[in-house]
Structures are given as structure tokens and as C-alpha cells.
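In what follows, a single structure is set out as C-alpha cells and then discussed.
The values are calculated or read from the model by the stated rules, or taken from the named source; none is laboratory data. This one's a predicted model, so the numbers in the text were calculated from it and none came from an experiment. Every residue, glycine among them, receives a Cβ derived from its backbone with ideal geometry; neighbour counts consider all protein chains shown. Quick note on the areas: whole protein, heavy atoms, side chains included, nothing else; ligands and nucleic acids left out. Shrake-Rupley method; radii C 1.70, N 1.55, O 1.52, S 1.80 Å.
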Amino acid sequence: MNLREIRDAGFAELERRHTARLDAHDPVCWSWGAAIPEGHDDYRSAFKAWHAARCAVCGYRDVRLVDDHDHGTGLIRGLLCRSCNGREPYDDGLFRKYRERTPAQILGIRLRYWDPFHGWAEPRAINPNQLDNHPAYALAAKLGERLQHEESA
């Protein structure tokens with residue numbers, strides 16, 4: 001075994017232990033209480049104040065928290081550090097628990113996700129034939145329906 005393989009095996013073991021430690025716990029946001037902080041003009045600022053610059057899953061205090069959102073509904077679930085946000089879609093342990101009871105559910109609020117490049121998030125289409133909720137796909141679907149109607153006429 002060369003040095004690179006030894007190093008990689010060490011990193012893999014550290015990651016395995018970190019994942020096992022996280023899976024043994026509940027998301028830290030479950031212990032924060034369910035009261036919306038007072039003195040805020042809107043739910044979005046109250047939501048950020050409730051997080052107090054902490055990741056909802058691991059509790060890490062980070063200035064670069066990101067809005068974790070559900071792509072199916074277009075709604076924000078919580079604020080996560082970049083590490084947890086990157087791991088969330090691929091983990092069924094701790095993050096499964098997090099998705100079952102998110103900060104937004106704990107507080108009983110609904111906030112739409114805002115993407116600076118694409119604007120407000122929209123829920124995914126119910127139609128399984130529609131690939132995305134992008135306007136170009138909606139236009140293509142309408143044109144396809146029109147062509148089918150013209151062919152049948």
C-alpha cells in the first residue's frame with residue numbers, strides 16, 4: 001500500500017466516523033424550541049433570527065449559511081452550512097430525520113426559495129412528461145399539444 005492509499009484510507013475512516021456520529025444524533029434544530037422570535041417585520045427575518053447563524057443539522061456557526069429548499073415544493077426548509085447542504089441529498093440517516101421535521105415545519109411558516117439567477121422557485125410540475133418547470137419546457141409542451149391536435153384533425 002502506497003502513501004496515497006494510506007492517506008485516502010485515513011480520510012475515508014474519518015468520514016465514516018463523522019457520518020456515524022451524525023447519524024446517531026437528531027438535528028440540533030430540534031432542541032431550539034418552536035417560538036418565532038419577536039421584533040421582526042417578516043417571517044424571513046424571524047426565521048434567520050431563530051437560526052442565530054447556526055446550521056440546522058450540525059449546529060456549526062458559519063457566516064455562509066445557505067437556504068436549503070425542497071425542489072418539489074419550492075419552499076425553504078432551513079438554513080444549512082455548506083457542508084451539510086452538500087451532503088443532504090445523499091444521506092438517509094441524519095438528513096432523513098431533518099427532512100421529516102424541518103425548521104420551517106417546527107416554526108409553522110412557509111417561505112418560498114429565491115434564487116438570484118432564476119428568481120422565485122416554483123414547485124415541480126405534476127405532469128411526469130414535463131422535464132422541468134422552466135418556461136421553455138412549458139412552451140415546448142404547448143407546441144407539442146398543438147402539433148398533435150393538428151395531426152389528428
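Which helices (runs of 4 or more DSSP H) sit wholly inside region 11-113 and have at least 2 residues that are free of Cβ contacts under 8 Å to residues at least 24 places away in the same chain? Show your work before the answer.
Working: elements: 43-51, 82-87, 94-100, 103-107.
Correct list: 43-51, 82-87, 94-100.
Specify the residue that is most open to solvent (accessible area, probe 1.4 Å); the eligible residues are those in region 69-114 that are out of contact with any Pro (no Cβ under 9 Å at 6 or more places or on another chain), closer than 21 Å to Tyr43 by Cβ and among the aromatic types (Phe, Trp, Tyr).
Result: Trp114.
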